[in-house]
């Protein structure tokens, strides 16, 4: 019988390259929020894949980008700290977009990592014709000396299992790192805040995604009701005009956000939830070290 393998692999790439969707597909449950908006992921999220022969801990990181704010600088620092510590680094490049300067820049940085094995993943193959995927495989293969190059679709599930096998094969031999079968090591409060932020990001204008942050103030069982959890959370934006967008006409938009988030949170926690949301303005928080600390960055 072959030895048990365990270790960490991180998905890196420019914003909106499909890293979070792929993490969720491999874990088999939502552990990272996914959105069509760039820079949705704000910190390194760990999802755990349990197998009889291995335990693969996937780390989904923020998209590496040219920072325009202090928040952007800190997100890039999270990526670099993460990939310096993992066993395998997997660069994600979408199949339906040409290889650009951002991909080349990240590939060059990954190529310099000495302790990690390196994989290139062509994502979103369901969105591209076969000849386009083939051309992308060739283009990405030339970016660095990869251990493996593989095309996948997290949406259709195509080759996701094969990618898992390839990543496991590159891990060192080792014991089970998370013995209790959990799928993520994220605290519930962080997951709840992320689900609220995901719901708030849907259908808002392009200016908003970077300006939204969510803090869960309170998460307590209702007195006398073991089956109901009261959650109070604040959604922070940078300007009054953004506050108006999140709340919407007569509060309609915020009610929709609350309904969507509550349904996801109830699935996550396995209990009924009463969700109390408030929108607050923290002026230019992305550039203010004190505000960033308060908001967890």
> Restricting attention to the range 222-244, which residues are within 28 Å of residue 292 (Cα to Cα) and surrounded by fewer than 18 Cβ atoms within 10 Å (Cβ to Cβ)?
Replying inline: 230, 232, 239, 240, 241, 243, 244
> Taking the range 254-271 on its own, how many of its residues are in contact with a helix residue (DSSP H, G or I) (Cβ under 6 Å, 6 or more places away or on another chain) and at pLDDT 90 or above?
Replying inline: 4
> Taking interchain pairs and intrachain pairs at least six residues apart, which have beta carbon atoms under 8 angstrom, with the first residue in the range 281-297 and in contact (Cβ under 8 Å) with a residue 40 or more places away in the chain and the second surrounded by fewer than 12 Cβ atoms within 10 Å (Cβ to Cβ)?
Replying inline: 281/240
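Under 30 Å from residue 3 (Cα atoms), assigned to a helix (DSSP H, G or I), modelled with pLDDT under 95 and more than 18 Å from the chain's Cα centre (by Cα): does that describe residue 110?
Details: under 30 Å from residue 3 (Cα atoms): yes; assigned to a helix (DSSP H, G or I): yes; modelled with pLDDT under 95: yes; more than 18 Å from the chain's Cα centre (by Cα): yes.
Yes; evaluated as a whole, the condition is true for this residue.
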>> As an exercise: evaluate residue 145 against (1) at pLDDT 95 or above; (2) more than 20 Å from the chain's Cα centre (by Cα) and give the number of the one condition it does not meet.
In response: (1)
>> Return the residues of the range 78-95 that are within 13 Å of residue 140 (Cα to Cα) and either out of contact with any strand residue (DSSP E or B) (no Cβ under 6 Å at 6 or more places or on another chain) or touching a residue at least 60 places away in the same chain (Cβ under 8 Å) (or both); say none if nothing qualifies.
In response: 90, 91, 92, 93, 94
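For the condition in contact with a helix residue (DSSP H, G or I) (Cβ under 9 Å, 6 or more places away or on another chain), part of a loop (DSSP other than H, G, I, E, B) and surrounded by fewer than 16 Cβ atoms within 10 Å (Cβ to Cβ), what is the one hit in 180, 145? Reasoning before the result, please.
Working: 180 fails: in contact with a helix residue (DSSP H, G or I) (Cβ under 9 Å, 6 or more places away or on another chain).
145 is the lone residue from the list that is in contact with a helix residue (DSSP H, G or I) (Cβ under 9 Å, 6 or more places away or on another chain), part of a loop (DSSP other than H, G, I, E, B) and surrounded by fewer than 16 Cβ atoms within 10 Å (Cβ to Cβ).
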> Just one of the numbered conditions (1) buried (at least 17 other Cβ atoms within 10 Å of the Cβ); (2) at pLDDT below 85; (3) within 22 Å of residue 60 (Cβ to Cβ); (4) touching a helix residue (DSSP H, G or I) at 6+ places or on another chain (Cβ under 9 Å) is not true of residue 288; which one?
Replying inline: (3)
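The values are calculated or read from the model by the stated rules, or taken from the named source; none is laboratory data. Only a predicted model underlies this, so the values are computations on that prediction, with no experimental measurement involved. Counting neighbours? That spans all protein chains shown, and the Cβs are built from the backbone with ideal geometry, glycine included.
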